[in-house]
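Any read-out appearing in this document is the output of simple, stated calculations on the displayed coordinates, not a laboratory observation. Nothing here was measured: the structure is a model prediction, and the numbers come from that model. Neighbour counts run over all protein chains shown; Cβ positions are idealised from the backbone, glycine included.
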Amino acid sequence: MEPGTDRIGEATMAEQSTRSFEDASHALAELLRKESIADDKRRLLERACTTPYALVAMRLNGHRGQSEASEIVEALQNAAIRHIISAEDDFACVFVSYSDVRRLADGAFDKNKLPKYIAVASLPFDSVDMIPQQYDLVKFCLYNSSEKGLVDSKKLALSFLKSQIIDNVQLDGLLHPALVKLARYDEANQSNLLHTLKVYLEHDRNAQRCANMLYLHRNSLQYRVRRIQEIAGINLDDPTERAYLRLSFLLGS
């Protein structure tokens, strides 16, 4: 073997590794922009991390965005976390294995630095084709979370889902008609049955907890619940009806 052959081979492998990382980063950026990617780029992303995957998005300081992105890359490399990163001016998005999310938060960043970041971890997912969907979720969380440090997107996933439905579905006429019936009855009789139903459902029909929340005697609450069912023509023993009512309250609020 010629002298220096090993070093040449190592340099070639390092170049290939760097090129693969850059290609995967470009593929990630294209998916974040909701562009289609070629199969070879998809395979690069699939091999970069193990399933289930996660996206971790971090808001950066505007004037130091690229510098902070470099710090993030260095921290990930020092912690030996396999990752692909795409950095914009105001935030960075890291593609990692979901199992590494906690290690990223616990070990990849200096504890004195992490609080300056607003970071959001996506839900776990098994296909790189779900990256655009998870990206929309973490972006929503980034702009709607008041927490510092690492935020679990599960905390805001329901609000995100609600926003998606409201933005894409014409809700008029689709919400449970009991809401309109009770609202009209309350207006005509100066009662509060609609709110009582909402609280009753939110507390999983636990009469004592609901009565405490509404400052009612338990018997008074039970009377109200019977009246609600009579006026609205609903059956609160039916789990499907309860689910429809709760969804209607969520979307209608």
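Couple of notes before you dig in:
- Normalised contact order of region 177-252, rounded percent, pairs of Cα under 8 Å and 6 or more residues apart: 34 percent
- Nearest-ten-degree value, helix 131-144 long axis tilted from longest Cα axis of the chain: 60 degrees
- Zone of E22's modelled label, taken as backbone nitrogen in region 75-102 under 16 Å from a point 7 Å along Cα→Cβ: 85-87
- Here the calculated FRET efficiency for N219 and L174, from their Cβ-Cβ distance with R0 = 51 Å, stands at 0.90, rounded to the nearest 0.05.
- In percent, rounded to a whole number, the relative contact order of the chain is 15, using alpha-carbon pairs under 8 Å and six or more apart.
- Rounded tilt (10° steps) of 239-252 against the dominant C-alpha axis of the chain: 70 degrees
- Whichever aspartates and glutamates have a C-alpha closer than 16 Å to that of K162, once near sequence neighbours (fewer than 8 apart) are set aside: D136, D172
- When the listed pairs K154/K198; K148/K181; K139/K181; K34/K154; K34/K155; K154/K181 are checked against a 31 Å cut-off, the alpha-carbon distance exceeds it for K148/K181; K139/K181; K154/K181.
- Most mobile listed residue (P132, P177, P239) in the chain, GNM with C-alpha springs under 10 Å: P239
- With the simple model of a label 7 Å out from the Cα in the direction of the Cβ, D129 to N212 spans 4.9 nm.
- The angle between the Cα long axis of helix 39-48 and the main principal axis of the chain comes to about 90°, on a 0 to 90 degree scale.
- Each label point was placed 7 Å from the Cα along the Cα-to-Cβ direction; for L158 and A105 their separation is 1.9 nm.
- Lys/Arg +1, Asp/Glu -1 at C-beta; region 130-253 dipole; positive extreme among Q133, T240, N168: T240
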